[in-house]
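Notes follow once the structure below has been shown.
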Amino acid sequence: MPSATKPLEDQPTQRSQFSSRLGFIIAAAGCAVGVGNIWSFPTQTAQNGGAAFVLVYLFFSFVLAYPALVAELTIGRYSQSNSVSALTGLDQRRWVQRIGLITSLLGLATLTLIYSFYSIVAGWFIGFTVSPVLKLAGIDAAANWLTSFNTPSTITLTLVFMAVTTLIVTAGVRQGIEKWCNRLMPSLFILLAVLIVFVLQKPGGMEGLKAYLLPDFSRIFDQKLLISALGQSFFSMSLGVGCMLVYGSYLKKQANLPLTAFQVAAVDSSVAFFAGLLIIPCMYVAMQQGVEIYNADGLLHSADTLVFTVLPSLFNQLGAIGHLVAVAFFVLLVIAALTSSISLIEPTVAWMVENRQFRRRRASWLITALASLLSIGIILNFDTLFGLAITLATQYFQPILCLMFAVYGSWIMRQDRLLKELSQGYPDIKEGWFWKIWPWYIRTVCPGLILLLFLSNL
């Protein structure tokens, strides 16, 4: 077991690994791709100027999130351990270890908070997936109960989603996380592509496409847009909370980390972009059919439940085929939620197994039990706590945690160890442009920009 004071070079490295780099990319992309891409990103886009938000989000994804992702993956593969052992083992100075301990534990706590509200939304996805099937079978009462956002159904669906997530995680890295992500991610892309083609052929679809792709450049420097795009880029890639660090610790040494991180960031950003390509035109199609999307002040009606109010209204007007389209769409959302939710509890499971001698199955169910209590508390006080939990996690905790991971991955880990670790999968890195730019960028520019945006949000 790695200890907080034992040098990382002396720690054992025998632990589970992904079977291949492709398996890692799919699993890490699955970790990044989820509710943040398909539920949150289109909503943020609709609220913050359409294409202007997309442009800023993509900018932050590659200028801030991608360098931070490389740092987090590098720490993970170098340490070959969970986030707590990794951050406390990078340096022998006690004050550095204490800050690392606080940072890593805050990351695990933030993960649990995200898992709690994330599972509520994912539970709704399950309800809206099953409901059309029940309607086709003539069981309208049960179908309406599942989609009415009432407290009993929300709690039930949340617990069902958590149970499915936990069953996957208990199977381990290869047989659980990698195996299921390999199955779920291709299905997600196929369903997304089919639905985009379907929606763009409907009246209003092309108008929505223009709103999504043609930016209003006057909105780009809006402070609310900048903060929302920053938080979305970190939330979307699951950064700053230890997910990618732990996934990096399961990655083989032969992998080229900068390239692998870029591929993960590209897949994640692509899914977010294509999700917007589906949802925003869907909104305009719905408006063509009389569904009210914006109020008199130009604000979204029920932003948190946009996907659940707008799209079913559209699907219901398509007759019998609408039920099939609805099932396909919400199956897509359940898949996206599952690929991401399994990564939300894996870092805490890894810590409990490696540092606290828990069995994987017991650790997984204990975390789920704690998160389910938080979820129930949020559901019972939904109007007050749901938006607050999302804001705290994505706009406050994640940016400051990303800042700390960037500091630990550059200032604390030191250049010689960084170069040695990155060179294992990229022997010529020292002669390339990446090494000429990334080390000083992640040490100065990246933390400075994150801190500036974070302080402006305060």
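The rows are residues; the columns are (1) part of a helix (DSSP H, G or I); (2) closer than 30 Å to Ala389 by Cα; (3) of a type in the set (S, T, N, Q).
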{"site": "Val199", "(1), (2), (3)": "yes, no, no"}
{"site": "Leu239", "(1), (2), (3)": "no, yes, no"}
{"site": "Val246", "(1), (2), (3)": "yes, yes, no"}
{"site": "Phe262", "(1), (2), (3)": "yes, yes, no"}
{"site": "Ala266", "(1), (2), (3)": "yes, yes, no"}
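With the structure loaded, tell me whether Ala328 is among the small types (Gly, Ala, Ser), in contact with a Leu (Cβ under 6 Å, 6 or more places away or on another chain) and closer than 25 Å to Ile227 by Cβ or whether it fails that test. Give the derivation first.
On the way: among the small types (Gly, Ala, Ser): yes; in contact with a Leu (Cβ under 6 Å, 6 or more places away or on another chain): yes; closer than 25 Å to Ile227 by Cβ: no.
So Ala328 does not fit the description; no.
Residues of region 242-256 being within 9 Å of Gly425 (Cβ to Cβ) and touching a Gly at 6+ places or on another chain (Cβ under 6 Å), which ones?
Gln254, Ala255, Asn256
Looking at region 222-234, is at least one residue farther than 30 Å from Leu324 by Cβ, among the charged types (D, E, K, R), in contact (Cβ under 8 Å) with a residue 60 or more places away in the chain and not in a helix (DSSP H, G or I)? Give the steps one after another, and end with the answer.
Of all residues in region 222-234, those farther than 30 Å from Leu324 by Cβ come to 222-234.
Checking the rest, the ones that are also among the charged types (D, E, K, R) come to 222, 224.
Narrowing the set further to residues that are in contact (Cβ under 8 Å) with a residue 60 or more places away in the chain leaves 222, 224.
Now narrow it down to the ones that are not in a helix (DSSP H, G or I): 222.
Yes, region 222-234 contains at least one residue that is farther than 30 Å from Leu324 by Cβ, among the charged types (D, E, K, R), in contact (Cβ under 8 Å) with a residue 60 or more places away in the chain and not in a helix (DSSP H, G or I).
Take region 75-105 and flag every residue that is in a loop (DSSP other than H, G, I, E, B) and charged (D, E, K, R). Working first, answer last.
To start, the set of residues in region 75-105 that are in a loop (DSSP other than H, G, I, E, B) comprises 80-82, 89-93.
Across region 75-105, the qualifying residues are Asp91, Arg93.
Taking the options Phe358, Phe382, Phe315, name whichever one is more than 25 Å from the chain's Cα centre (by Cα) and modelled with pLDDT of 90 or more. Give the steps one after another, and end with the answer.
Details: Phe382 fails: more than 25 Å from the chain's Cα centre (by Cα); Phe315 fails: modelled with pLDDT of 90 or more.
Answer to the check: Phe358.
So, in region 81-138, exactly how many residues are farther than 30 Å from Asp383 by Cα and without any contact (Cβ under 8 Å) to a residue 60 or more places away in the chain?
Within region 81-138, residues that are farther than 30 Å from Asp383 by Cα and without any contact (Cβ under 8 Å) to a residue 60 or more places away in the chain number 7.
Residue pairs, Cβ under 8 Å, 6 or more apart or interchain, first in region 402-414 and touching a residue at least 12 places away in the same chain (Cβ under 8 Å), second acidic (Asp, Glu). List them.
Filtered contacts from region 402-414: Phe405/Glu72; Gly409/Glu72; Ile412/Asp91.
Do we find that Phe405 is under 21 Å from Val96 (Cα atoms) and touching a helix residue (DSSP H, G or I) at 6+ places or on another chain (Cβ under 6 Å) in this structure?
On the way: under 21 Å from Val96 (Cα atoms): yes; touching a helix residue (DSSP H, G or I) at 6+ places or on another chain (Cβ under 6 Å): yes.
The answer is yes for Phe405.
Return the residue satisfying two criteria in turn: it lies in region 201-240 and is among the basic types (Lys, Arg) and farther than 21 Å from Leu64 by Cα, and of such residues it is surrounded by the fewest Cβ atoms within 10 Å (Cβ to Cβ).
So the first thing to find is which residues in region 201-240 are among the basic types (Lys, Arg), and the list is 202, 210, 219, 224.
Still in the list and also farther than 21 Å from Leu64 by Cα: 202, 210.
Values: Lys202: 19, Lys210: 13.
Looking at the filtered set, the residue picked out is Lys210.
Give me a count of the residues in region 128-142 that are outside any helix (DSSP H, G or I) and either within 13 Å of Val334 (Cβ to Cβ) or among the β-branched types (Val, Ile, Thr) (or both). Let's see the steps before the verdict.
Our first condition is that a residue be outside any helix (DSSP H, G or I); within region 128-142, this holds for 137-139.
Adding the requirement that they be either within 13 Å of Val334 (Cβ to Cβ) or among the β-branched types (Val, Ile, Thr) (or both) leaves 139.
Number satisfying all stated conditions: 1.
The values are calculated or read from the model by the stated rules, or taken from the named source; none is laboratory data. Small disclaimer: the values here were computed from a predicted structure and weren't measured. Note: ideal-geometry Cβ built from the backbone for every residue, glycine included; neighbour counts use all protein chains shown.
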